[in-house]
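Asks: Below you will find the structure I want to go over with you.
The values are calculated or read from the model by the stated rules, or taken from the named source; none is laboratory data. Keep in mind that this is a model prediction, so the values were computed, not measured. A quick note on method: Cβ atoms are made from the backbone with ideal geometry, for glycine too, and the neighbour counts reach across all protein chains shown. We work out accessible area using only protein heavy atoms, side chains counted, and drop any ligands, DNA or RNA first. Shrake-Rupley method; radii C 1.70, N 1.55, O 1.52, S 1.80 Å.
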Amino acid sequence: MKEDNNTFVYKNNCGEISLKNYLADCKGYSSRLIRFIKREGKMLVNRKTARMDRVLSQGDEVAVLMPVEEIDAPTQKIDLKIIYEDLDLLIVAKEALMVTHPTRSHQENNLANGVAYYFSEKDIKAKIRFVNRLDRDTTGLVVIAKSKFAHQHLQSQMKEGNIKKTYFAVVHGVLKDNSGTIDLPIGRESDESFERSVMAEGKKSVTHYDVLKSNNIYSLVKLDLETGRTHQIRVHMKALGHPLAGDPLYNPGNSDMIDRQALHSGEMEFIQPRTGKKIKVEASIPEDMKNLIEKI
């Protein structure tokens, strides 16, 4: 049976086991997704329709057929910098000054529009499901799942801390230590507040950092996120007294030679949901940040 983004074919190597438990225990399907497949999809065992209580034998061919979806965002031709693609995932390098999702003020020229156009041109039947999101002015890697299963699998990896996300930032000043861990809770004063800050009642937030190079004005820092709070790097670096260059929210009034926060999502490691293989992707640092780095 031919696989596509909505069809998954496996060879049972888990011994005698019910179909439901095979999907949950051996393939990482959530109970919610299994209920969805039972309700709207179709299961085949050795190419014949099967119920979830069917007991599998070693070597049985299992096929999961998801319902065909329609693209759920307006299409707009936008040149995408594609870093990686397979049956389940599309990974792009987002440019600065581009929002990920449509908003009231950004109905056009957003990343979802460009991905929708790409899916339409390639005849990919899928909703636009972002696994991660970046601030409008942050550049770098954004992962889009092509199916409900791929999205659920990667979200589970993220929740369990099994996706490694590495950022690069140019910050003000010279850090006291060349490497360290920032473990400071982050929250916001009210639901209406856009700005975040370190506060005792905030959510646990952990950032690991290494200084790659520095002078008396700037430092280039590599940052690995253990948690993924909104504005985490920007808030943590400000809390250390080293706000990001160009950051209009956490470093207002700066005179840096960059018109956005100097932050780039450069590397990511995760497990491919269909094959179980480890994937590592990288996106090169954009020119505006390179210009700052050259001054260090």
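Asks: Of the listed peptides 266-275, 55-64, what is their order by residue-averaged count of other C-beta atoms within 10 Å, with the highest listed first?
Replies: Going from most to least packed, we get 266-275, 55-64.
Asks: Oh, and also: Please report the net charge: other residues with Cβ closer than 13 Å to the Cβ of Leu97, K and R +1, D and E -1. Each step should come with its number before you reach the end.
Replies: Working: positive: Lys94, Arg136, Arg260; negative: Glu95, Asp135, Asp137, Asp259, Asp288.
Once all neighbours under 13 Å are counted, the net charge is -2.
Asks: Among Asn13, Ala150, Asn132, whose Cα lies farthest out toward the positive end of the dipole of the chain, if unit charges sit on the beta carbon of Lys, Arg (+1) and Asp, Glu (-1)?
Replies: Asn13
Asks: While we're on this one: Do the sum for the chain: with -39,500 (n - 2.57) for every DSSP H run of n ≥ 4, divided by all residues, what is the mean residue ellipticity at 222 nm, to the nearest 500 deg cm²/dmol?
Replies: Estimated from H runs of four or more residues: -5000 deg cm²/dmol.
Asks: Which whole-angstrom value gives the distance between the alpha carbon centres of segment 1-69 and segment 219-296?
Replies: 40 Å
Asks: Next question, about the same structure. Find which of Leu263, Val281, Pro252 sits farthest along the positive direction of the dipole of segment 240-296, computed with +1 on the beta-carbon of Lys and Arg, -1 on that of Asp and Glu, about the Cα centre.
Replies: Among Leu263, Val281, Pro252, the one farthest towards the positive end of the dipole of segment 240-296 is Val281.
Asks: Can I ask one more? Could you give the accessible area per residue of segment 7-65, probe 1.4 Å, as a whole number in Å²?
Replies: With the other protein chains kept in place, segment 7-65 gives 57 Å² per residue.
Asks: While we're looking at this one, here's another question. Please list 9-16, 111-118 highest first by mean number of surrounding beta-carbon atoms within 10 Å per residue.
Replies: Put in order of decreasing packing, that is 111-118, 9-16.
Asks: Take every Cα pair under 8 Å in segment 1-153 that's 6+ residues apart, average their separations, divide by the length, and report that relative contact order as a whole percent.
Replies: Values: 294 pairs, mean separation 36.6, N = 153.
Relative contact order for segment 1-153 comes out at 24 percent.
Asks: A further question on this structure: Can you give me the convex hull volume of the Cα atoms of segment 165-265, divided per residue and expressed in Å³? Write out the running numbers ahead of the final one.
Replies: Working: hull volume 9.8 nm³, N = 101.
It comes to 97 Å³ per residue, whole-number rounded.
Asks: When the convex hull of the C-alpha atoms of segment 211-296 is computed, what volume per residue in Å³ does it have? Let's see the in-between values first.
Replies: Values: hull volume 10.5 nm³, N = 86.
About 122 Å³ per residue, rounded to a whole number.
Asks: Take every Cα pair under 8 Å in segment 168-296 that's 6+ residues apart, average their separations, divide by the length, and report that relative contact order as a whole percent.
Replies: With pairs under 8 Å counted, the relative contact order is 24 percent.
Asks: Now a separate question. Can you tell me, using C-alpha contacts under 8 Å and at least 6 residues apart, the relative contact order of the chain as a whole percent?
Replies: Normalised by residue count, the contact order of the chain is 15 percent.
Asks: Can you give me the pair-distance distribution of the chain, C-alpha pairs, 5 Å bins, whole percents?
Replies: In order of increasing distance, the bins hold 1, 5, 11, 14, 15, 14, 12, 10, 7, 5, 4, 2, 1, 0 percent.
Asks: Continuing with the same structure: Under a straight-distance cross-link criterion of Cα-Cα below 28 Å, which lysines are reachable from Lys238, leaving out those fewer than 8 residues away in the same chain?
Replies: Lys94, Lys159, Lys164, Lys165, Lys176, Lys203, Lys204, Lys213, Lys222, Lys290, Lys295
Asks: Further, regarding this structure: If you roll a 1.4 angstrom probe over the protein chains with everything in place, what fraction of the accessible area of segment 165-265 belongs to carbon and sulfur, to the nearest %? Can you show the working numbers first?
Replies: Values: 2290 of 4840 Å².
Carbon and sulfur atoms account for 47 percent of the accessible area of segment 165-265.
Asks: Follow-up question, since we're still on this one. Toward the positive end of the charge dipole of segment 165-265, about the Cα centre and with charges on Cβ (Lys, Arg +1; Asp, Glu -1), which of Pro243, Gly202, Val170 goes farthest?
Replies: Val170
Asks: Using a 1.4 Å probe over the heavy atoms of the protein chains, calculate the carbon and sulfur portion of the accessible area of segment 7-65 as a whole percent.
Replies: So the carbon and sulfur contribution to the accessible surface is 43 percent.
Asks: Mind listing the Cα extents of segment 109-209 along all three principal axes, in Å, largest one first?
Replies: 52, 29, 29
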